[in-house]
Structures are given as structure tokens and as C-alpha cells.
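Working notes, beginning with the structure itself.
Please treat every number below as a calculation from the coordinates, not as lab data. Keep in mind that this is a model prediction, so the values were computed, not measured. Positions of Cβ are backbone-derived with ideal geometry, glycine not excepted, and every protein chain shown enters the neighbour counts.
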Amino acid sequence: MNKILILCATLLLTGTLNAQITPHEAVAQMKRGINMGNTLEPPYEGDWAPQAEEYYFDLYEEASFDVVRVPVRWNNHTSTVVPFNINETWMNRVEEIVEWGLSRDLYVVINAHHEEWIKEDYASATNRARFDSIWSQIAVRFQDKPDKLIFEIINEPYGLSKAQNDELHQRVLSIIRRSNPTRNVIIQGHNWGGSDELIEMAVPVDDYLIGSFHSYDPWPFGLEGTGTFGDPWQIQVLDNKFSEVKSWSDQHNIPVFLGEFGCNRIADYNSRMNHYRAYVNLSLKYGFTSCSWDDGGNFRILLRGSGCWDEVKDILIYCSPESPTIQKFSIEQDTLINIEWSNGTGDHDSIFIERRTGVEQYTRIASLNPDTTSFLDMKPVPNRYHHYRIIAHYNTGEITHSHPQRVYLKEYIPKVRGYFLGVPLPIPGTIEAEDFDTGGEGLSYHDMDQKNIAGAYRPDEAVDIYDRNGDGYHIGNALPGEWYEYSVNVEREGEYFIGVHLAAVQAGGRFLITIGEAASDTLEALNSNSFLDTEAVSFSISLAAGEQIMRFTVISQPLFNIDKIDFTLNTTGLNPSLKDAADLMVYQEQGGDLIITLNDHAPIELISMYNLSGAVVCSVQNPDRPCRLSTDGMGKGIYIIKAFSRERVHHAKTLIR
């Protein structure tokens, strides 16, 4: 009796200590995973990458991965005739690799990968029987392995319909259950095994299931490396995908395994790092296992020949939603790199800045207080990429990383202002907007981007210069805050009439002109109903003689294009017009009235006077010759006169004193 009680107690204790790992427990324990891709799933091992070595698993363990997914192709090692025996050498090889993982207390996932034969002809009864036999043999061979070995029925069943994939999973699962009644099994939706397909899947009735989906979104960035990634809206789209899978998980009480994700190495560096960080963060946020795709090639993470890791590994292991996040780089004083970041949680005790240049290893360059959010690197080497990451250190000894980001620092070459046409631009005269001084960004101009988008003139400068249909050039895309400077030589001191020729389809864009110590009021572009045809904004200004700098500053939109600026010295009191000036003449009597004469003998139907905002101040229909306009109630300043005949419109400008 006592022996029986002791035996029962022993069995009870043994059962308690070796309790079956549930699906939720497994996913909770294998947070961070990696694929050993291109190894056992080629036609034969070694075809696509070096044959697997045991030291891979030492590296996986040392790096702190929790799970290794081992894709396996069975087709080339399995007989095509009944009873469809798997080659014993191949089965031994798979078991050897599985043991390398299990002996290091890692979770290991094995599957049926690249089994195109079953996907391409699922209707074949022979093919279905062969696939069933393969899984029957796998299940029996590994039935005594620890619970940390997980089966995945099929990888990305593209070619199977939803109904066929559902039926395959249900049938193979029942085969596995004959020898492995409580082993965790991964199921996946049809097509490429995406999140939508998992959600649509008919879920088998079983207590030991883990749902899987693969994602390289957004396409084509993830798989082909084209474009960029990291905008908030792109991350939100991913978040929505994960949220939908989480709802499915909660509804079915099945945890989730993100079996593959990654980014092609040819992608923009910062975008690629953003991509891995986003997937790690979202997997942790929603409680999924994340298993990055590592194929030793364009998605390599473990550098298998050298036993070293790509820096992506540190994102996979050390990043989380609570980690610091680099927000911005800026170049200060042409030689310094300023880094700004946000801190995740507030309970870390210090912040470390690490930098690498070129192929060097990361080196700690600063230790900072825990609430610090910016750092000025004062010793970067010019003409190199500089990679940075922010490390948060906790009093427990643990650390979390930001994902790395990089910036290129050009060699600083002191800027020197120069005359674009070889001499200062003369005033009086016409200054073409595109003939600003040489010297570059920050010295002779400021443009919001670093490229001449149009490239029609001065393509090596950042200012956007467009061709005016073969009739010269103009500055386009003039954005608020941009400015352009010109070395000018004012011939004589005095008052100058200035006409700024602008093209705009909407009036109201504001700008300012300064010349030496003189400055205009804030001016507004007129509506020319075109981005090529211009209307002139007129004003007058008193200028000192000699060489000085003229600056044109864009203040606000709507957009306008800048063609040229005319300067005329006021020597007679008469106002030369900006257009058709030979016909229309305007002068102001001492009593204040304006006298308007027109040399054109065509009948004039209307004379109108406009202020600089384009509003009509007064109009006279069928005017006398000469026409007298009263200036009573008009403020001092520049006005535009237009005389309309049936054949043409005559323009002039005048200054009311």
C-alpha cells in the first residue's frame, strides 16, 4: 500500500514538474525568434547557403533568442511510391539540428517548406497520401521530444484554395494527434499565409494550436527594398493589421506566431532599421511571437561564415515600445551632428550614446542623465556615414536600445560669395531672379530641399529654376522662408521705381525685398492667371549709391514664380510704365490730381486705377483725353493704371506723393 502511494505521489509530482506547455505559455516564452532560412528547405542542404553548423545555436543562445524556426523541405528526400518513406539519412539530419536547439533549451519549429508538389496538384489522391505519410513519419519520429519542439503543418500554401488549405490542416492535424496528442501545432491561412488569410481560416477544434501569419509589408519595400519606410501613417497601417490579428486571437483564444518578417538589405538604411523596429514593437505590443527571416543572403542577420551579427540583431533582442527612439538628426555649424530622441520609460538610470563610423563596431561616446533627449557630437569625421544608437540602462543591469540611424557628414568647405555674372548686377537695370550670387545654401540663398527639381538652369544649386518656354528662366516653388541674395551696384543715390514680375494663379503670396539698409513693405503677388505670364508688383524705394546686397524673401503662400525685377531711377517725376510705357504716361499735378495721357489714338473705353493688392481704387468710362483723376482720399504709394481699348490694354504705374 505504501509503495503504491509513493508511486502515485511520484507520478503526480513528475506530471506537475513536466506539465504540457500550453500554446499561450509557449508564445509568452518565445517572444523573440529567428529563422534558419535557406538551409534545410533548398532542394538539398548547401544549395543556397552553407550547411548548418552547431555553433549557430550557440550564437542563437548567446544572443538571447527564444525560438529558432527551421524550415524543412521533405520532397527531395521522400519516396514517390507507397509507403512514401523519408530517407533515413535526411530524417537523422533534421533530428540532429532539432537537438542542437532543444539541448540549449531553445524552442524549435519545424515545418513542411517549399512543398510545391502538393500545392500545385492537391487534387491528386497520391499527393495527398504522400503528404499525410510525411507528417505521420515526422510525428512518430519526434513524438518523445520535449514540448519546446513545435510542428508547423505547411509554409505559405500558395496554390491551395481556402477550402483545400482548411481541409489539409484538419486532416494532417488529426494525423499528428495520433502520436502527439498535446504537442503545439502552428496553423496558417491559404495563399501566402498573410494576416487576412489567417483571419479567414476555418479553425480546427483543438486545444494546442498557434496561429501564424507572415508579413513583409509594405510591398514592395519589405521584399524588394524600394522606397522608404518610417512615416507615422505607414506604421499605423501595420498597427491596424496587427490589431485585426489580435482580435482574431482573442475571439478564438489562440496565440499568434509571426513566422516571417524582414526587409531586403538593399533598402534605404534608416528605413530598414525603422521597419525591423516597427515589427518588434508591434509584436510585443500585441503579445505575438516575432520570428525574423534570416536567409544568409539579402535578409541575412547572422553572418554565418564569420559568426558575427548584423546590427539588426540588436533591434530584435533589445528594442521594445519602451526603448528610446531617435527622432531627428541635424548638422550644426557644418561640422557638428546633433541627435534628438525620445525616451521610452522613465525608470532607467542613465542614457548612453553609441556611434560607429564605416564598418567599425559601436563605441560608447557619452554617458548622460536619464532625462536627456539630445546630444551634440563634436568629433565626427567628415565624408563618412555616422551610425548612432541610444541605450537606456536600468538599475537592474538591463538595457534597451533605440534602433540605429545614420547620417552623412560632408567635409566642411568654407563658403565664399561670388558674382554669378562676374560683376555686381547694375541698378538701374533688370535683375533676373535666377542670377543670384554663388556661394551656396545658407550664404547666397536658402532653399527648403537640396535639389534643383526643375534643373533647367544652374542644376548644381538647390534653388528650383524652370525654363519659361524657351524665353528665359524663373524661380519656381518659392516656399515661405526661402530667400535669394544678389550683389548689386547702385549707380546713383535716389528714389527708384521697382517692378517685380511674378506669375501666380492666385493673388496674395507675400514677399519682402531689402537692398542694403533699405527695405520694402511686405508686398503681395498679383493674380496673373498663369505660372508663366507675369504681373508686376510696383513700389518705390530710396537707395544709397554703391555695392550692396539685395535679398528677396518669400514670406507666405499662395505660390508664385519669380521672373525678374526692374529698377528705374525717378529723375523727372513721371512714372515709366512696366508694360507698353511708350503709349501711357501719368504725372501728378501740384494740386494732387493725376493727369493721364495716351499716345494711342484708338478709342479708350475705360481707365481703372488699382492699388498693390489688385483692388480697383477708381474707374472712368469713356474718359476725356487727357484724363484727370482725383487723388482725394487716396493714400501715398504706388498704384497701377490700366487703359482699356478694344485692341489692347495699356499699363502704367505711378507714385502718389
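Taking a ≥ b ≥ c as the square roots of the eigenvalues of the Cα gyration tensor, an a/c ratio below 1.5 marks segment 17-318 as rounded.
Within the chain, the percentage of alpha carbon pairs spaced more than 43 angstrom apart rounds to 49%. By DSSP, the beta bridges lying fully in the chain are antiparallel in about 80 percent of cases.
In the chain, helical runs assigned H by DSSP with n ≥ 4 each contribute -39500 (n - 2.57); averaged across all residues and rounded to the nearest 500, the mean residue ellipticity at 222 nm is -6500 deg cm²/dmol. Bridging of LYS653 to lysines at a Cα separation below 26 Å is possible for LYS564, LYS579, LYS636, LYS642, once same-chain residues fewer than 8 apart are set aside. Scoring 54-66, 204-216 by mean Cβ neighbours within 10 Å over their residues and listing the highest first yields 204-216, 54-66.
Screening the chain for DSSP H helices whose Cα atoms reach 15 Å or more along their own axis and whose mean Kyte hydropathy is at least 1.0 gives 2-17.
Would you order GLU441, GLU156 from fewest to most other beta-carbon atoms within 10 Å of each residue's own beta-carbon?
Lowest count first: GLU441, GLU156.
Based on C-alpha pairs under 8 angstrom that are at least 6 apart in sequence, the chain has a relative contact order of 7 percent.
For segment 378-523, the relative contact order comes to 16 percent (Cα pairs under 8 Å, sequence separation of at least 6). Near THR372, no amide H atom lies under 5 Å from its own; only residues 5 or more places off or on other chains count, and H is placed 1.01 Å from N.
When the alpha carbon gyration tensor of segment 325-409 is reduced to an equivalent ellipsoid, the three semi-axes, largest first, read 23, 13, 10 Å. Protection proxy ranking, highest mean first, for peptides 259-267, 637-645: 259-267, 637-645, where packing is the per-residue count of other beta-carbon atoms within 10 Å, averaged.
Normalising the average separation of contacting C-alpha pairs (under 8 angstrom, six or more residues apart) by the number of residues puts the relative contact order of segment 325-409 at 32 percent. In terms of the mean number of neighbouring beta-carbon atoms within 10 Å, the peptides 158-167, 549-558, 131-140 order highest first as 131-140, 549-558, 158-167. Name the shape class, rounded, prolate or oblate, that the alpha-carbon gyration tensor gives for segment 426-551, where a ≥ b ≥ c are the square roots of its eigenvalues, rounded holds for a/c under 1.5, and otherwise prolate holds if a/b is larger than b/c and oblate otherwise. It is oblate, given that a/c is not under 1.5 and a/b is not larger than b/c. Other residues whose C-beta falls under 11 angstrom from the C-beta of ALA63 contribute a net charge of -3, scoring Lys and Arg +1 and Asp and Glu -1.
Residue exposure proxy: MET91, MET273, MET201, ordered by other Cβ atoms within 10 angstrom of their Cβ from fewest to most, comes out as MET91, MET201, MET273.
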